[in-house]
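Inspection log for the structure reproduced underneath, given as structure tokens.
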Amino acid sequence: MLRRTALSLSVVVLALLLSLPAVADNPPTFGEPVRGLTPAQQAAFQAGLEDFTSVESVVPDGLGPVFNEASCATCHSVPAVGGGSTRIETRFGKLTNGIFDPMTDRGGSLIQDHAIPGFTPEHVPTEFGATIQTGRRTTPLFGLGLVDAVPDGYFQLLEAIESLSPGTAGRVHMVTDPVHGGTSVGKFGWKAQVPNLHTFAGDAYLNEMGITNPLFPNESCPQGDCSLLAANPVPTLNDDGSGVQKFTDFMTMLAPPPRGPITTDVLAGQVVFNAIGCAACHTQLLVTGDSPVEALRFQAFQPFSDFLLHDMGSLGDGIVQGDATGKEIRTAPLWGLRMESVLLHDGRATTIEQAILGHAGQGLAARNRFTALNARDKARLMAFLNSL
């Protein structure tokens with residue numbers, strides 16, 4: 001039994017219970033919208049779902065010329081539309097005089113591994129010196145409207161609080177905000193490189209499906225060769241912004257993952273989770289601010305992430321995006337964990353234990369405490385994690 005606190009297990013469990021947000025009767029399940037939407041918002045969610053699951057075509061939709069999939073739902077499908085999948089994409093680059101080079105002139109840093117007729121899918125250009133290559137796992141979208149509704153100041157406060165514990169302190173990633181102008185706190189993506197869901201939708205439309213839009217009007221040049229775009233069958237702006245808005249509506253109103261059964265072992269496992277230091281980065285509770293969607297206003301929710309960048313040492317992927325270094329990765333939310341079959345940023349882990357053991361850098365101390373657990377506490381921890 002852990003002896004890291006003088007409080008008895010029963011007192012700690014009671015404190016955890018009191019800290020939990022109230023659980024609504026009949027909460028939404030995977031893939032459903034949040035409760036409390038207006039009829040107009042329900043219609044917008046449904047329209048977004050239809051667009052999200054539709055298969056884009058070359059003409060008139062403007063798919064490609066290079067792309068990854070022709071439908072959002074192809075990647076975001078497990079255990080329901082809006083979830084994750086085992087789809088692993090590829091990013092690459094190289095170091096030039098010790099500085100990361102995304103090799104944009106060779107199609108970097110994201111590979112588009114499909115192409116429309118007349119074009120060739122991209123590949124990692126090792127023949128031009130690409131030495132850094134990593135996988136990027138498709139992550140679930142459940143509950144991201146709640147995350148989007150958390151004010152920037154809240155994350156900056158988390159950063160200030162965590163700075164009191166330098167060994168595990170995270171930091172906000174300030175990024176360009178094409179929707180509001182200026183810079184905002186990055187919340188989405190493995191490097192927290194995207195500030196809001198509207199940008200997330202526009203970026204995915206371009207980089208995953210090759211569909212230009214008002215936020216991202218410039219076509220991706222196949223393998224970095226922009227001269228090839230002369231043969232692009234739809235050279236005009238592919239989406240007028242309405243598709244991006246529908247994607248945004250769907251993600252904004254998509255409900256968070258429901259919790260599994262909460263047993264005494266689950267509650268005891270959360271005590272272990274906190275005691276060994278996991279909660280230093282996998283923050284239990286966040287609170288939204290104001291929102292045009294009433295159902296998202298001033299809501300407490302439990303993503304088990306601070307959404308900050310952390311130095312993960314050897315677990316880092318070597319890719320630099322914005323101010324996020326090759327060693328930094330945004331804390332992965334743990335809600336919905338029980339439904340994910342591949343873990344960590346590159347999908348290398350297929351079990352929760354493998355994912356924990358893969359932690360390095362600022363996660364190393366918690367990993368070492370995990371390995372020192374006795375069998376009973378480890379089982380309780382797994383019960384908790386498998387309830388998320």
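The values are calculated or read from the model by the stated rules, or taken from the named source; none is laboratory data. Here the structure is a predicted model, which is why all the values come from computation and not from measurement. For neighbour counting, all protein chains shown are included, and Cβ atoms are generated from backbone atoms with ideal geometry for every residue, glycine included.
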Residues of the stretch 103-118 satisfying the condition of being assigned to a helix (DSSP H, G or I) and either of a type in the set (S, T, N, Q) or surrounded by 21 or more Cβ atoms within 10 Å (Cβ to Cβ) (or both): 104, 106
Among residues of the stretch 274-286, those that are within 11 Å of residue 381 (Cα to Cα) and surrounded by fewer than 22 Cβ atoms within 10 Å (Cβ to Cβ), counted: 2
Every pair of residues 6+ apart whose Cβ atoms lie under 8 Å, when the first sits in the stretch 289-306 and is within 23 Å of residue 279 (Cβ to Cβ) and of a type in the set (Val, Ile, Thr) while the second is in a loop (DSSP other than H, G, I, E, B) and modelled with pLDDT under 95: none
Qualifying residue in the stretch 364-384 (condition: surrounded by 18 or more Cβ atoms within 10 Å (Cβ to Cβ), in contact with a helix residue (DSSP H, G or I) (Cβ under 7 Å, 6 or more places away or on another chain) and closer than 22 Å to residue 138 by Cα): no
Subset of the stretch 119-155 (residues that are part of a loop (DSSP other than H, G, I, E, B) and of a type in the set (Gly, Ala, Ser)): 129, 130, 143, 149
1 or more residues touching a Gly at 6+ places or on another chain (Cβ under 8 Å) and at positive phi: qualifying helices (runs of 4 or more DSSP H) within the stretch 169-281: none
Residues of the stretch 282-315 that turn out to be over 17 Å from residue 363 (Cβ atoms), acidic (Asp, Glu) and not in a loop (DSSP other than H, G, I, E, B), as a count: 1
Filtered residues of the stretch 44-58 (kept if surrounded by fewer than 18 Cβ atoms within 10 Å (Cβ to Cβ) and either modelled with pLDDT under 95 or touching a helix residue (DSSP H, G or I) at 6+ places or on another chain (Cβ under 6 Å) (or both)): 47, 53
Residue ID - nearest to residue 314 (Cα to Cα), chosen from residues in the stretch 355-373 that are assigned to a helix (DSSP H, G or I) and not aliphatic (A, V, I, L, M): 361
Within the stretch 306-336, tally of residues that are under 15 Å from the mean Cα position of the chain (by Cα) and either of a type in the set (Lys, Arg) or over 26 Å from residue 133 (Cα atoms) (or both): 4
Residue among 151, 195, 140 that alone is surrounded by 21 or more Cβ atoms within 10 Å (Cβ to Cβ) and touching a residue at least 40 places away in the same chain (Cβ under 8 Å): 140
Residue count for the stretch 350-361, restricted to those that are touching a helix residue (DSSP H, G or I) at 6+ places or on another chain (Cβ under 8 Å), surrounded by 18 or more Cβ atoms within 10 Å (Cβ to Cβ) and either within 20 Å of residue 188 (Cα to Cα) or without any contact (Cβ under 8 Å) to a residue 40 or more places away in the chain (or both): 2
Tally of residues being more than 28 Å from residue 221 (Cβ to Cβ) and among the small types (Gly, Ala, Ser) across the stretch 122-147: 2
The one condition in (1) in contact (Cβ under 8 Å) with a residue 60 or more places away in the chain; (2) in contact with a strand residue (DSSP E or B) (Cβ under 7 Å, 6 or more places away or on another chain) that residue 131 fails to fulfil: (1)
Inter-residue pairs, beta-carbon under 6 Å, first of a type in the set (A, V, I, L, M) and in the stretch 199-221, second surrounded by fewer than 19 Cβ atoms within 10 Å (Cβ to Cβ), 6+ apart: 215/178
Residues that are closer than 23 Å to residue 344 by Cβ, in contact with a helix residue (DSSP H, G or I) (Cβ under 6 Å, 6 or more places away or on another chain) and among the small types (Gly, Ala, Ser), drawn from the stretch 74-116: 85
Scan of the stretch 309-332 for residues that are crowded, with 21+ Cβ neighbours inside 10 Å, closer than 30 Å to residue 258 by Cα and in contact (Cβ under 8 Å) with a residue 60 or more places away in the chain, ordered by number: 309, 310, 328, 329, 330, 331
Residue match in the stretch 156-165 (condition: under 30 Å from residue 365 (Cα atoms), in a strand (DSSP E or B) and over 18 Å from the mean Cα position of the chain (by Cα)): no
